[in-house]
Each structure stands twice: as C-alpha cells, then as structure tokens.
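Heads up: the structure comes next, in structure tokens.
The values are calculated or read from the model by the stated rules, or taken from the named source; none is laboratory data. Nothing here was measured: the structure is a model prediction, and the numbers come from that model. Cβ coordinates were reconstructed from backbone atoms using ideal geometry, including for glycine residues, and neighbour counts include every protein chain displayed.
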Amino acid sequence: MSMSENSWKHEYITTNNIKLHYVTQGSGPLMLMLHGFPEYWYSWRHQIPEFARDYQVVAVDLRGYNDSDKPTKNSAYVMNEFIQDIKGVIQGLGYEKCVLVAHDWGGIIAWNFAYTYPEVLEKLIVLNIPHPAKFIEGLWTWKQLQKSWYVFFFQLPFFPEQYLRASNYQKIEEIFAGMAIDKTAFPPEVIEAYKQAAAKPGALTAMINYYRNGLDLKSRGRSWDILSVPTLMIWGEEDTALGKELTYGTEAYVRDFQIKYIPNCSHWVQQEQPILVNQYMREFLGV
C-alpha cells in the first residue's frame, strides 16, 4: 500500500497553554515524532508515509518552530515546558500511550520525557542524540567541546540570530548540506523549506532559546535511574556535532537497549539514510 503526501493532514492542537502545529497520517496506535534544530516536522517526511501503514503518525512542530506558537519570554523554553507540551499532545489526541521517535533536540526532550512519564511510552526511538548523562559527561571533554562550540555561542544575546540570518540564511544551508555526507539528500527545495521555516517571525530566537534555557549545562553528576522503556538508538557515524563515543555505555542507563550504527552518514540520519532508518525502526517495533 502506498501512502502519498496528499493524505497528510495539517492540524493544530492546544496543549500546555500553547498551540502546536502538526502533520498526521494513518490510523492505529500513536507514533509521535519530535524534530531537532534547525528543523521542523518536515525532517520526518521519509518516515511519515512509511509508518502511517501501521500507526497514526503525528510529527509536531515543537514550540517556537515553523507554524507552532512562538512565546517571546525566555522562560517559555525550559525542559519542563517541553515535557508538558508532549504530554498534552498525547492526551489531547486521545491516547494513553505512544511510540516516541525523536532526533537531536527532540531527542533531548524525549529522553527527559521518558524519565518523567515512562508509563506513557510503549517504546522510545532516539536518533543521533545521546543519553543526557552521556551528553553532559561528554560535553566537557576537549574533543566534544570543539564539536559543540555553537552551544556556547548560542548563549549570547542577538549575535546568534544575526549569524543565522546573514546572507539569506546561508548558515541554515551550511548546517544541512555542509554536514551531510550524501549531499543529494538536501536538494535546493529542501534547503529552501528549512530557510522559510527559520525565517518566520520569532522563529530564530525561539529556536536558539532552547540552547539558552533548555540545556542544563550544570547537571554533571546528577544521578539517572535505569530507564525501563525499551529503547532503540540509531546513530549516523559521521556526525560532526556529536561524537560516536557519546553512545558508549548507554546500556548502563537503559534496561532494554539496542543501538544501530549507520556508517557514512551524518547527524541528519533519518533524512540521509531513510531506508535503513525505517528498516531498523520496523525491526525494533516488530511491524
């Protein structure tokens, strides 16, 4: 059965006092997809039709992104708000549980959500984002500091927005095409879609506020319980933003953990190698 973009629906849901835009397709159990920076629901374009055969797939625009509300207060972009957004989406759609699929910043939220509401998750799938304990631990190594310079740059006021906006959002193009191993995964129309989303009023500041407020850079040494949610990690090995070594030892934090490495693939794993990603997801889910 083929699923086309024509059957994708654009909807809005109010959750946690904010209106979020999402794209949905299919019916059945809920599969909720959370994108990263500087993306939006569109980063899941290769997964939505694939999994709509077995699930109601819902790919949201996180708060501050694309067509979702963009609160202006910095305090709107903290982890507890992100977690409550997701809880409200699941409940508002009429579900008690879901499969949560997340990449990059969406993955940071997903890990924290899994620890806060493990009973809500059937399974967790994270792509190119380490467990929070491994991320914070690794962030302070010289090797990872060199990769994560932008995290600290984004703490500055004003300048990051100007940097990303310069020369018709040239840096947005470089973030995708510059990092990708297979450049054909990001043709001009895809780059343009990301530029247009970033150019929406208030979007750039909102996106950067995730780094300014949502990352707990001081949480070294926090104790993390063993997560009970069955978890699959998919990792593009040529990620220039996050080192592969951040994945090592994750099984110490997750009771039922699997990892699939994809060689010759960048941080943008589900867009660059969608066939393999979809295959690994299907095997893990048993569908």
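When the stretch 198-236 is filtered for residues that are at pLDDT 90 or above and over 29 Å from residue 277 (Cβ atoms), the ones remaining, listed by number, are 201, 202, 205. Exactly one residue out of 170, 196, 162 is in a helix (DSSP H, G or I), of a type outside the set (Gly, Ala, Ser) and under 13 Å from residue 39 (Cα atoms): that is 196.
Of all residues in the stretch 43-78, those that are of a type in the set (A, V, I, L, M, F, W, C) and under 21 Å from residue 280 (Cβ atoms) total 7. Scanning the stretch 258-287 for residues that are over 19 Å from the mean Cα position of the chain (by Cα) and outside any helix (DSSP H, G or I), which turns out modelled with the lowest pLDDT? Filtering first and then ranking leaves 287.
For the stretch 81-102, the set of residues classified as surrounded by 24 or more Cβ atoms within 10 Å (Cβ to Cβ) and among the small types (Gly, Ala, Ser) consists of 102 only. Restricting 75, 43 to residues that are more than 28 Å from residue 191 (Cα to Cα), touching a residue at least 60 places away in the same chain (Cβ under 8 Å) and hydroxyl-bearing (Ser, Thr, Tyr) narrows the list to 75.
Of the strands (runs of 3 or more DSSP E) that lie entirely inside the stretch 11-99, those containing 3 or more residues that are touching a Cys at 6+ places or on another chain (Cβ under 9 Å) span 30-34. All of 166, 185 fail the test of being at negative phi, out of contact with any Cys (no Cβ under 6 Å at 6 or more places or on another chain), surrounded by fewer than 18 Cβ atoms within 10 Å (Cβ to Cβ) and small (Gly, Ala, Ser), apart from 166. When the residues of the stretch 188-212 are filtered to those that are buried (at least 21 other Cβ atoms within 10 Å of the Cβ) and either under 20 Å from residue 266 (Cα atoms) or without any contact (Cβ under 8 Å) to a residue 60 or more places away in the chain (or both), the one that is farthest from the chain's Cα centre (by Cα) is 204. If the condition is being of a type in the set (A, V, I, L, M, F, W, C) and more than 23 Å from residue 263 (Cα to Cα), then the stretch 106-138 contributes 109, 110, 111, 113, 114, 120, 121, 133, 136. Here residue 105 meets the list (1) among the aromatic types (Phe, Trp, Tyr); (2) surrounded by fewer than 19 Cβ atoms within 10 Å (Cβ to Cβ); (3) closer than 20 Å to residue 39 by Cα almost entirely, failing just condition (2).
Quick grid of which residues meet (1) under 28 Å from residue 9 (Cβ atoms); (2) assigned to a strand (DSSP E or B); (3) at pLDDT below 95:
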| residue | (1), (2), (3) |
| --- | --- |
| 106 | yes, no, no |
| 109 | yes, no, no |
| 123 | yes, yes, no |
| 134 | no, no, yes |
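Among the residues of the stretch 268-279, those identified as surrounded by 22 or more Cβ atoms within 10 Å (Cβ to Cβ) and within 27 Å of residue 118 (Cβ to Cβ) are 269, 270, 277. If only residues of the stretch 234-257 that are under 16 Å from the mean Cα position of the chain (by Cα) and in a loop (DSSP other than H, G, I, E, B) are counted, the one that is surrounded by the fewest Cβ atoms within 10 Å (Cβ to Cβ) is 241.
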